[in-house]
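Report on the structure given below.
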Amino acid sequence: MAGTMQRRQRLGTPPRIYPPSIVAPGAVLGTDTVVGAFCFVATGAVVGDGTRIQSHTSVWDGVTLGHDVFVGPGCQFTNVRHPRATFPRAPNWDRTFVEDGASLGANAVLVAPVRVGRHALVGAGAVVTRDVPAHGVVVGNPARVVGWACVCGATLARGERPPPEPLVCKSCGSELRLGS
């Protein structure tokens with residue numbers, strides 16, 4: 001990568017959990033994570049190093065958040081595609097994976113099973129019902145690709161398909177090849 005990105009030093013920084021949030025026994029929180037106020041992290045949920053979960057968000061069993069993921073306030077995760085109270089699905093939850101460096105806007109909804117690729121951006125209020133490619137920018141209900149983002153979050157290109165040529169970010173100088 002041509003650009004220079006400085007990462008926070010983690011040095012074993014413990015998670016910060018703001019009250020009245022609840023982190024259930026058996027949930028995994030990486031170093032230097034933040035769980036905002038009024039959140040719930042369930043047994044079986046996995047949260048990577050440096051991830052930020054903003055207020056009023058529940059992270060259920062079956063959800064894995066990678067390193068340095070941003071989860072905006074009020075995001076919703078599901079772990080059952082076809083819920084029925086009389087037919088419990090536990091412990092066979094549908095899975096949601098949000099890969100390293102991805103960002104989820106406020107009130108985004110992720111309907112499992114789904115994967116959000118590295119450094120993807122999910123717009124505020126988007127309803128994600130299918131996988132999001134790495135660096136993809138998605139918006140709407142259902143969410144659809146409208147552009148491509150750099151690791152720093154700047155928009156590199158617009159459109160549904162990634163451009164074939166390498167792109168250089170005007171914000172951080174990183175070079176990225178999205179297409180083939």
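The values are calculated or read from the model by the stated rules, or taken from the named source; none is laboratory data. Here the structure is a predicted model, which is why all the values come from computation and not from measurement. Note: ideal-geometry Cβ built from the backbone for every residue, glycine included; neighbour counts use all protein chains shown. SASA here: full protein model, heavy atoms, side chains in, ligands and nucleic acids out. Shrake-Rupley method; radii C 1.70, N 1.55, O 1.52, S 1.80 Å.
Around ALA37, with a cut-off of 15 angstrom between Cβ atoms, what is the net charge of the other residues, counting Lys and Arg +1 and Asp and Glu -1?
Net local charge, ALA37 excluded: +2.
What full-extension length gain, to one decimal in nm, is calculated for TYR18 and ALA85 as 0.36 nm per residue of separation minus the Cα-Cα distance? List each step's numbers first, then the result.
On the way: separation 67, 0.36 × 67 = 24.12 nm, distance 3.14 nm.
Separation in residues times 0.36 nm, less the Cα-Cα distance, equals 21.0 nm.
On the full set of protein chains, 1.4 Å probe, figure out the accessible area of VAL34 and give it in Å² to the nearest 10.
We get 20 Å² for VAL34.
Could you compute how fast the stretch 43-96 diffuses translationally, taking Rh as the Kirkwood radius over C-alpha pairs and applying Stokes-Einstein at 10 °C with viscosity 1.306 mPa s? Give it in µm² per second.
In µm²/s, the coefficient rounds to 132.
Taking the chain as a whole, which cysteines find no other cysteine Cβ under 4.7 angstrom from their Cβ?
Here CYS39, CYS75 come out as lacking a disulfide-compatible partner, given the Cβ-Cβ threshold of under 4.7 Å.
Give me the accessible area per residue for the chain, probe 1.4 Å, as a whole number in Å². Could you put the intermediate results ahead of the total?
Working: 9460 Å² over 180 residues.
Using a 1.4 Å probe on heavy atoms only, each residue of the chain averages 53 Å².
Could you compute the FRET efficiency for ARG95 and ALA37, with r as their C-beta to C-beta distance and R0 at 25 Å, rounded to 0.05?
0.40
R0 = 22 Å: FRET efficiency of ALA124 with CYS172, Cβ-based, nearest 0.05?
Efficiency computed from Cβ-Cβ geometry: 0.45.
Between (1) 126; (2) 155; (3) 116, which entry matches volume of the Cα convex hull per residue in Å³ as derived from the coordinates of this structure?
Step by step, volume of the Cα convex hull per residue in Å³ for this structure corresponds to label (3).
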